[in-house]
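Readers should treat all values here as calculations from the given coordinates under stated rules, not as data from a laboratory. Values in this document were obtained by computation on a predicted structure and should not be read as measured data. Please note: Cβ atoms are built from the backbone with ideal geometry, for glycine as well, and neighbour counts cover all protein chains shown.
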Amino acid sequence: MARFDWTYDEVVLAASLVAQNAWQGLRATNPKVVELSDLLRDARIHPTAGRPDNFRSPSSVQRKTFDIATQHPEYSRKKTRGGPHDAEVLLEFISEPLRMVALAAAIRDEIAAPPDDVAPADDADLDELTAHEGRTFAVTHLRRERNPKLRAAKLVAVTAKGLPIACEVCGFNFAVQYGDPGKGYIEVHHVLPLHASGPVLTRLDDLALLCSNCHRMIHRARPWLTPADLKELMERRR
């Protein structure tokens, strides 16, 4: 039987409502809850077969927002059981609100995007990906890597840590090499293979900053190399 546990992405979207509501849960009649219910019911996060009638209903979204709200450090009453991502996501919203707001917006865009809006049939990058992932997952992978809001959220997270916008494998820095045209430029790669993650599972820690060459080499390998694998390969050749 299929499981329909709340994924990290779904909890991020619910937590964004809680954050906007001064860390209080929202009732099922709230228009924002109804809108999120409609979005999640239409999303391709979970298989449609076997879904219960109340799958991501306004009532279930209400419950999730209250589960999240009870995890707030200032909540004084008994916490609800909730799910494995509730406390984690809430604390991320508290500690890094700008990053999480950007991430929530990127997830919404990714869910709402038509299946083929990013990767047309003649896309050369799709040819690189399909042999490993299959077309459906490959298209979603390209959409995720090209999502400007998700990319922006990753760059905000890296900059906040005081790290340079540079390739995580070879260290190439476009700004250092090219000056103003290279400032803020880098390619973003989703490390976790989509056959393992499913169509939608977005964590900024699963995104790597890569130069164009390293990005292409990772996609060229079968199976794909991780950035750590490629870095180790380059170090051995030195």
Would you mind ranking L230, L163 so that the residue whose beta carbon has the fewest other beta carbons within 10 Å leads the list? L163, L230
Distant-in-sequence amide H partners of T7 (H built 1.01 Å from N, under 5 Å): none
S212-R51 pseudo-label distance in nm [points 7 Å out on the Cα-to-Cβ vector]: 4.1 nm
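Taking only C-alpha pairs under 8 Å that are 6+ residues apart, what is the relative contact order of the stretch 8-95 in percent? Please report the intermediate quantities before stating the final value.
On the way: 97 pairs, mean separation 31.4, N = 88.
In percent, rounded to a whole number, it is 36.
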Could you line up T48, T70 from fewest to most neighbouring Cβ atoms inside 10 Å? T48, T70
Expected vector for the stretch 24-36, Karplus 3J(HN,Hα) from phi with 6.51, -1.76, 1.60 and θ = phi - 60°, integer Hz, x for Gly and Pro, equals 10, x, 10, 7, 4, 7, 5, x, 5, 5, 4, 5, 5
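From the Cα gyration tensor of the stretch 8-95, with a ≥ b ≥ c the square roots of its eigenvalues, which class applies: rounded if a/c is under 1.5, or else prolate if a/b is larger than b/c, or else oblate? Show your work: numbers first, answer last.
Details: a/c = 1.86, a/b = 1.65, b/c = 1.12.
Because a/c hits 1.5 or more and a/b exceeds b/c, the stretch 8-95 counts as prolate.
List the trypsin sites (Lys or Arg not before Pro) in the stretch 50-107 that DSSP assigns to loop (not H, G, I, E or B) and whose Cβ has at most 14 other Cβ atoms within 10 Å. Which are they? Before the final figure, lay out each step's value.
Values: sites: R56, R63, K64, R77, K78, K79, R81, R99; in loops: R56, R77, K78, K79, R81.
Qualifying residues, ordered by number: R77, K78, K79, R81.
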Long-range HN-HN contacts of L207 with modeled amide H, under 5 Å: V191
A175 to A228: extension gain in nm, 0.36 nm per residue of separation minus the Cα-Cα distance? 16.8 nm
Counting other beta carbons within 10 Å of each residue's own, what order do M100, M217, M234 fall into, fewest first? M234, M217, M100
